[in-house]
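Q: Can you read through this structure? Questions will come right after.
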Amino acid sequence: MQKLRIKDGCDHYPGYLDRRVQTELLSDIRDIIEQAPLYRPQMPRTGKPFSVMMTNCGPLGWVADKSGYRYQPHHPETEANWPPIPARLMDFWRSLTRYESPPEACLINYYAANARMGMHRDEDETDFNAPIVSLSLGDSAIFKIGGLTRGGPSQSVKLNSGDALIMAGPGRMLYHGVSRVLGGTSSLLKEGGRINLTLRRVGA
Ligand code: SIN
Ligand code: FE2
């Protein structure tokens, strides 16, 4: 397994999931989306819509609306509890992180052709000791990884379908975002676009 050190605490595993496993994982994600449909989050205060669509699985899910960012056990529109994290994803978390506790939240982001994600830190959790695992499916994306403060220089990493990226330890609080999705680079999603899965522990 190839492992590229992007920065201290940020590792990239190109091709972590082979095509067969990507297809199986995608089928798990499609089942989740049937139960917990993708919805369009809004920026706190302004209510400006995100360009990505989101849903979650796990005991907790990350949501964004006019009142802020938070974790909650239920879907904001259906109000049903999020579906469980598929066993396959739990296995990837264990093998990639060797972390003793399981993830509590899996954010599912869908990027259509023009979607992007501004630079941010994942900071709505209580437990910053646990790693963050990101898995990509579908079209490739330009992932940006910066430093511990906003606005500094950033590096670009191309994330392809099947790639894993881990932010842990000194990398846990790095600023990151997605500047662009490269349409037509993968045949995995028949509708095109990109799915990113982010596994996290939330903490007490
Ligand atoms: C995120 O940071 O929420 C998503 C990152 C990605 O899509 O690769
Ligand atoms: Fe993030």
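Q: Report the gain in length on full extension from E191 to R88: 0.36 nm times residue separation, minus Cα-Cα distance, nm rounded to one decimal. Intermediate values should be presented prior to the final figure.
A: Numbers: separation 103, 0.36 × 103 = 37.08 nm, distance 2.34 nm.
The span from E191 to R88 would gain 34.7 nm if fully extended.
Q: While we're looking at this one, here's another question. Could you check the spin-label model distance between Y39 and R20? Points 7 Å from the Cα along Cα→Cβ, value in nm.
A: Result for the modelled spin labels: 3.8 nm.
Q: To continue, here is another question. According to the square roots a ≥ b ≥ c of the eigenvalues of the Cα gyration tensor, what is the shape class of the chain, taking rounded for a/c under 1.5, prolate for a/b larger than b/c otherwise, and oblate for the remainder?
A: rounded
Q: Something else: Report the local net charge at G151: Lys and Arg +1, Asp and Glu -1, summed over other residues whose C-beta lies under 13 Å from its C-beta.
A: Computed value for this residue: +3.
Q: Another question, if that's okay. Ignoring ligands, DNA and RNA, what percent of the accessible area of the chain is carbon or sulfur (1.4 Å)?
A: Using a 1.4 Å probe with all protein chains present, the chain comes out at 51 percent carbon and sulfur.
Q: Give me the number: length gained by fully extending Q2 to D124, i.e. 0.36 nm times residue separation minus the C-alpha to C-alpha distance, one decimal in nm.
A: Full-extension gain reported as 40.8 nm.
Q: Right, something else. Multiply the residue gap between E100 and D31 by 0.36 nm, knock off their C-alpha separation, and tell me the result in nm, one decimal place.
A: 22.1 nm
Q: Which lysines, on any chain, are close to K48 with Cα under 19 Å apart, when same-chain ones fewer than 8 places away are left out?
A: Result set, ordered by chain and number: K66.
Q: Is the stretch 99-172 rounded, prolate or oblate when judged by the Cα gyration tensor, a ≥ b ≥ c being the square roots of its eigenvalues, rounded requiring a/c under 1.5 and prolate requiring a/b larger than b/c?
A: Note, shape of the stretch 99-172 comes out oblate.
Q: Something else about it: Compute the Cα gyration tensor for the stretch 1-87, then decide on rounded, prolate or oblate, letting a ≥ b ≥ c be the square roots of its eigenvalues: rounded whenever a/c is under 1.5, prolate when a/b is larger than b/c in the other cases, and oblate in all that remain.
A: In terms of gyration-tensor shape, oblate.
Q: Quickly work out the K66-to-L148 label distance, labels modelled 7 Å from Cα along the C-beta direction, and quote it in nm with one decimal.
A: 3.8 nm
Q: Taking K3 as the anchor, which aspartates and glutamates have their alpha carbon closer than 19 Å to its alpha carbon, excluding any fewer than eight residues away along the same chain?
A: Partners within reach: D11, D18, D91, D163.
Q: With a probe of 1.4 Å, find how much accessible area the stretch 122-199 has per residue, and write the answer as a whole number in Å².
A: Counting only protein heavy atoms, the per-residue value for the stretch 122-199 is 37 Å².
The values are calculated or read from the model by the stated rules, or taken from the named source; none is laboratory data. Source: prediction; values computed, not measured. Quick reminder, even Gly has a Cβ in these numbers, built from the backbone with ideal geometry, and neighbours come from all protein chains shown. With ligands, DNA and RNA removed, areas are computed over all heavy atoms of the protein, side chains included. Shrake-Rupley method; radii C 1.70, N 1.55, O 1.52, S 1.80 Å.
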